[in-house]
């Protein structure tokens, strides 16, 4: 499959995030693994097969996070995991996606969970791949140690087993083009303390946990622990594909399709019930968070925006729905199914 056209979305803190869209159907936003390139990845087996399979069934949205691929490089010393939420938000807002399936991969599994917690009205379902409750479950000392001492060895260890020699060499070269040593080490260091154990019991969206049983960097036991901690989550342990994080592309696609089809039309209902079509997606999110009792500061923290921006959104919401204050806005949200 030919790689789709690459476009750019600007984040709220000035990064340019490269993204691409392929296929038709329900939007399926796939977050990037550690080594990713929004254009070159289409020729990487088995990852390219996985992308093609998803694009054959869904409107696939993929992107390079800051510090990788075709996105802005050079992560500063202040980089934090929350910055990845800005990347995801920039892409879905640029595409004006009101509701979509979100797939979290590796460190982006935590980003996806936090985004879904803050925006349950936008995320129809979560698919989590190679994700653990705590990032401490990963072999971080090995990744960081080898990454500092022998950069090419770390990259080479990620080349799938069994590739022909020429293809393996090309993959290594592609990996060199996909990320700089300093950026990769900085983001793994920043993610090292990430833990979502407190968030998992309150996850409201449907969740499928996928894990390739031959994936070496993270045990399948971690996938089962994650699934057990999320109410009503489904867990699928898949075989094959040379140790890929999702297992066989066809098996993974079948598991996802079965999971999403099983949710039925009802899972899309909240977006359809919205009775204020002139509210922007951001204003609708602010109203929903108001309705569940969040303060302005808590809304700012959840949406990674400034307190002044929240206040402007709140005033705009009041004006559009005819509310005199917070109590009337909350009542409106409950009456129109926006909670």
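The values are calculated or read from the model by the stated rules, or taken from the named source; none is laboratory data. It should be emphasised that the depicted structure is a prediction, and the values quoted were computed from it without experimental measurement. Glycine also receives a Cβ, built like all others from the backbone with ideal geometry; neighbour counts cover every protein chain displayed.
What residue, among those in region 224-250 that are within 22 Å of residue 36 (Cβ to Cβ) and part of a helix (DSSP H, G or I), is modelled with the highest pLDDT? Give the steps one after another, and end with the answer.
Keep residues of region 224-250 that are within 22 Å of residue 36 (Cβ to Cβ), which gives 226, 238, 240-250.
Next, from what is left, pick out any that are part of a helix (DSSP H, G or I): 226, 249-250.
Values: 226: 94, 249: 78, 250: 81.
Among residues in region 224-250 that are within 22 Å of residue 36 (Cβ to Cβ) and part of a helix (DSSP H, G or I), the one modelled with the highest pLDDT is 226.
Among the residues of region 308-322, is any surrounded by 18 or more Cβ atoms within 10 Å (Cβ to Cβ), in contact with a strand residue (DSSP E or B) (Cβ under 9 Å, 6 or more places away or on another chain) and modelled with pLDDT of 75 or more? For region 308-322, residues surrounded by 18 or more Cβ atoms within 10 Å (Cβ to Cβ), in contact with a strand residue (DSSP E or B) (Cβ under 9 Å, 6 or more places away or on another chain) and modelled with pLDDT of 75 or more: absent. Residues that are under 21 Å from the mean Cα position of the chain (by Cα), modelled with pLDDT under 95 and within 21 Å of residue 110 (Cα to Cα) number at least 1 in the following helices (runs of 4 or more DSSP H) confined to region 140-205: 140-149, 181-191.
Would you tally the residues in region 155-169 being on the phi < 0 side of the Ramachandran plot and touching a residue at least 12 places away in the same chain (Cβ under 8 Å)? Give the steps one after another, and end with the answer.
First pass over region 155-169, keeping only residues on the phi < 0 side of the Ramachandran plot: 155-161, 163-169.
After this cut, where a residue has to be touching a residue at least 12 places away in the same chain (Cβ under 8 Å) as well, the list is 155-156, 158-161, 163, 167.
Residues that pass the stated criteria total 8.
Listed by position, the strands (runs of 3 or more DSSP E) enclosed by region 1-120 that each have at least 3 residues that are outside the structural domain of residue 281 (by TED's automatic domain parsing), out of contact with any helix residue (DSSP H, G or I) (no Cβ under 8 Å at 6 or more places or on another chain) and surrounded by fewer than 23 Cβ atoms within 10 Å (Cβ to Cβ) are 16-22.
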